[in-house]
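Report on the structure given below.
The values are calculated or read from the model by the stated rules, or taken from the named source; none is laboratory data. What you see is a predicted model, and the numbers here were worked out from it, not measured in a lab. Backbone-built Cβ (ideal geometry, glycine too); neighbour counts: all protein chains shown. SASA here: full protein model, heavy atoms, side chains in, ligands and nucleic acids out. Shrake-Rupley method; radii C 1.70, N 1.55, O 1.52, S 1.80 Å.
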Amino acid sequence: MREKIVRRAVQEISDGMNVNLGIGMPTLVANEIPADYQVLLQSENGLLGIGPYPTEAEMDPDLINAGKETVTAVKGASYFDSAESFAMIRGGHIDVAILGGMEVSETGDLANWMIPGKMVKGMGGAMDLVQGAKRVIVIMEHVSKHGESKVKKACTLPLTGQAVVHRLITDLAVFDFTDEGMVLVEKAADISLAELQEKTEALYRISDDLKEIAL
Amino acid sequence: MSKVKQSFSEALAELQDGDTILVGGFGLCGIPEKAIEAIKEKGTKNLTAVSNNCGIDDFGLGILLANKQIDKMVASYVGENKIFEQQYLSGELKVELTPQGTLAERIRAGGAGIPAFYTATGVGTPIAEGKDTKEFDGKTYIEERAITGKYALVKAWKADTLGNLVYRKTARNFNPLVATAGKITIAEVEEVVEAGELDPNDIHTPGVYIQHVILGENYEKRIERRTTRGGN
């Protein structure tokens, strides 16, 4: 299921972009970027141009990503401090941010940083990314482990940002958030419109140009 | 005059109970590990610590938590620390969670003499509660206050005797920011050279921000998540 989402998500990245990938499932998108693309991946802790994981010999404690994993830097990479890193994010210089989600609402609200009653870990850079990136793509499973729709009328969890999501990609569908509301633009081949509606709490319009998700 | 000091006890002489310390680093990368050890030894209590993260149980700021020296933590992500969780849930430890970009900018502003600024980050979220808002060109922003502290603890790669600093790779992170916002800033480094030996083109933090330089030895530089692609 995650693999399907990741393979659809990578289609949001085009040659030449500067991209920020969130921790967890979004990080996997990096492996799917076509080898002939010149894409620079940004890491909030101060690196534009994340490379692959290092070999044992290359491993360097002074070179990590925002998930605190050891990484390498690609040719043409740059290092900078945290204020510069977020100037890049908040100033609208990052083309796309692909982030994980717990809930997305029909107005494009995102909740992905805390569950009341559970230990609060912190929002890290998520609130900055959703406000600053030119395009915010959320990827998540459509339905929770408990069978509940994660695509909500209104988020029940504390928000990361209000009306910040441009596109939502799930294992079942792709939605855009427009001035006219939430629009279904793609659906998985193996689900009917009726079934999709049943698994989606949010109200959405179906695009006149509805496509099947192509992987 | 050389800013190089022989011991942390000299550099930390003015640190008192209840002070605010600003601490560089991201996760365990680029943290001032020697200064943190020195504060543990000194035993200063009721500190407010401003740092993106709070270390892990037995390394970084985690050792000051374990020793019950921190009263309040200002951070963006604290999910790696069990002692933190216990002290937070029992009410011993106060926590102010701040979005990472806002935290960086609050410290930068503090060092630059800017008392507050507006940002869209956090609008419509729990972070905005109790904060003033203002509209600019039809968009809502919240007001965030600058952060300064009595001491700033910085880890750099190299320093010269005047306190000009060079950082290495992603160990830079919050270090240049906290360097500007401490009343007294201590830079601990892996190498000290004479003034003039660093190319002025390459200096990341000008020495004007630095009061004390200390040469650290045997850096542990612990890695939080060792990830490799295999091979040598």
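Which one is most open to solvent (accessible area, probe 1.4 Å), of the residues in the stretch A:52-65 that are of a type outside the set (S, T, N, Q) and in contact with a helix residue (DSSP H, G or I) (Cβ under 9 Å, 6 or more places away or on another chain)? Show your work before the answer.
The initial filter retains those residues of the stretch A:52-65 that are of a type outside the set (S, T, N, Q), namely A:52-54, A:56-64.
Subsequent filtering for residues that are in contact with a helix residue (DSSP H, G or I) (Cβ under 9 Å, 6 or more places away or on another chain) retains A:52, A:60-64.
Working: A:52: 79, A:60: 17, A:61: 36, A:62: 5, A:63: 10, A:64: 9 Å².
Here the residue is A:52.
Scanning the stretch A:112-143 for residues that are surrounded by fewer than 20 Cβ atoms within 10 Å (Cβ to Cβ), at pLDDT 95 or above and part of a loop (DSSP other than H, G, I, E, B) turns up A:134, A:141.
Given B:35, B:49, which one is in contact with a helix residue (DSSP H, G or I) (Cβ under 8 Å, 6 or more places away or on another chain), outside any strand (DSSP E or B) and under 21 Å from residue B:180 (Cα atoms)? So that I can check it myself, show each step before the final result.
Values: B:49 fails: outside any strand (DSSP E or B).
After applying the criteria, what remains is B:35.
Against the definition (outside any helix (DSSP H, G or I), among the charged types (D, E, K, R) and either out of contact with any His (no Cβ under 7 Å at 6 or more places or on another chain) or modelled with pLDDT of 95 or more (or both)), how does residue A:3 come out, yes or no? Here the answer is no, as residue A:3 does not meet what is asked.
With respect to residue A:74, is the statement that it is among the β-branched types (Val, Ile, Thr), under 25 Å from residue A:16 (Cα atoms) and within 12 Å of another protein chain (Cβ to nearest Cβ) true? No, not satisfied.
The condition of being buried (at least 24 other Cβ atoms within 10 Å of the Cβ), in contact with a Leu (Cβ under 7 Å, 6 or more places away or on another chain) and assigned to a loop (DSSP other than H, G, I, E, B) holds for residue A:164. Might you check whether a residue that is hydroxyl-bearing (Ser, Thr, Tyr), part of a strand (DSSP E or B), surrounded by fewer than 23 Cβ atoms within 10 Å (Cβ to Cβ) and touching a strand residue (DSSP E or B) at 6+ places or on another chain (Cβ under 7 Å) occurs anywhere in the stretch A:35-51? Among the residues of the stretch A:35-51, not one is hydroxyl-bearing (Ser, Thr, Tyr), part of a strand (DSSP E or B), surrounded by fewer than 23 Cβ atoms within 10 Å (Cβ to Cβ) and touching a strand residue (DSSP E or B) at 6+ places or on another chain (Cβ under 7 Å), which makes the answer no.
Residue B:156 - would you say it is at pLDDT 95 or above, in contact with an Asp or Glu (Cβ under 7 Å, 6 or more places away or on another chain), crowded, with 19+ Cβ neighbours inside 10 Å and within 14 Å of chain A (Cβ to nearest Cβ)?
Working: at pLDDT 95 or above: yes; in contact with an Asp or Glu (Cβ under 7 Å, 6 or more places away or on another chain): no; crowded, with 19+ Cβ neighbours inside 10 Å: yes; within 14 Å of chain A (Cβ to nearest Cβ): yes.
Spelling it out, it is not the case that residue B:156 is at pLDDT 95 or above, in contact with an Asp or Glu (Cβ under 7 Å, 6 or more places away or on another chain), crowded, with 19+ Cβ neighbours inside 10 Å and within 14 Å of chain A (Cβ to nearest Cβ).
Scanning the stretch B:134-160 for residues that are more than 17 Å from the chain's Cα centre (by Cα), basic (Lys, Arg) and closer than 30 Å to residue B:199 by Cα returns a single hit, B:158.
The sole residue among B:120, B:109, B:116, B:75 that is of a type in the set (A, V, I, L, M, F, W, C) and either crowded, with 24+ Cβ neighbours inside 10 Å or under 24 Å from residue A:62 (Cβ atoms) (or both) is B:75. Among the residues of the stretch A:11-30, the ones that are among the β-branched types (Val, Ile, Thr) and open to solvent by 20 Å² or more (accessible area, probe 1.4 Å) come to 2 in all.
Output the residue which, of all residues in the stretch A:167-193 that are out of contact with any strand residue (DSSP E or B) (no Cβ under 9 Å at 6 or more places or on another chain) and open to solvent by 70 Å² or more (accessible area, probe 1.4 Å), is nearest to the other protein chains (Cβ to nearest Cβ). Ranking the candidates gives A:179 first. Listed by first and then second residue, the pairs linking a residue in the stretch B:116-141 that is within 14 Å of chain A (Cβ to nearest Cβ) to a residue that is of a type in the set (Lys, Arg), with Cβ atoms under 6 Å apart and 6 or more places separating them unless they lie on different chains, are B:118/B:134; B:141/B:134.
Based on this model, can you work out whether residue B:89 counts as at the interface with another protein chain (Cβ under 9 Å from one of its Cβ atoms) and either crowded, with 23+ Cβ neighbours inside 10 Å or hydroxyl-bearing (Ser, Thr, Tyr) (or both)? Spelling it out, it is not the case that residue B:89 is at the interface with another protein chain (Cβ under 9 Å from one of its Cβ atoms) and either crowded, with 23+ Cβ neighbours inside 10 Å or hydroxyl-bearing (Ser, Thr, Tyr) (or both). Here residue A:19 qualifies as closer than 29 Å to residue A:1 by Cβ, more than 10 Å from chain B (Cβ to nearest Cβ) and touching a residue at least 40 places away in the same chain (Cβ under 8 Å).
With respect to residue A:33, determine if the residue is aliphatic (A, V, I, L, M), within 11 Å of another protein chain (Cβ to nearest Cβ), on the phi < 0 side of the Ramachandran plot and within 17 Å of the chain's Cα centre (by Cα). It is false that residue A:33 is aliphatic (A, V, I, L, M), within 11 Å of another protein chain (Cβ to nearest Cβ), on the phi < 0 side of the Ramachandran plot and within 17 Å of the chain's Cα centre (by Cα). Among the residues that make up the stretch A:150-158, is at least one of them open to solvent by 30 Å² or more (accessible area, probe 1.4 Å), closer than 28 Å to residue B:85 by Cβ and aliphatic (A, V, I, L, M)? Within the stretch A:150-158 (the criterion being open to solvent by 30 Å² or more (accessible area, probe 1.4 Å), closer than 28 Å to residue B:85 by Cβ and aliphatic (A, V, I, L, M)), the answer is yes, since at least one residue qualifies.
For residue B:96, the requirement of being in a helix (DSSP H, G or I), surrounded by fewer than 20 Cβ atoms within 10 Å (Cβ to Cβ) and at pLDDT 95 or above is not met. For residue A:87, the conditions (1) away from chain B (no Cβ under 13 Å); (2) of a type outside the set (Val, Ile, Thr); (3) open to solvent by 30 Å² or more (accessible area, probe 1.4 Å) all hold with the exception of (1). Look at the stretch A:195-215: where a residue is within 18 Å of residue A:180 (Cβ to Cβ) and a partner is open to solvent by 80 Å² or more (accessible area, probe 1.4 Å) and not hydroxyl-bearing (Ser, Thr, Tyr), sitting 6+ places away or on another chain with Cβ atoms under 6 Å, you get A:202/A:153. Within the stretch B:18-32, residues that are more than 12 Å from chain A (Cβ to nearest Cβ) have Cβ atoms under 7 Å from residues that are crowded, with 24+ Cβ neighbours inside 10 Å and of a type in the set (Lys, Arg) in these pairs: B:32/B:155, counting only partners at least 6 apart in sequence or on another chain.
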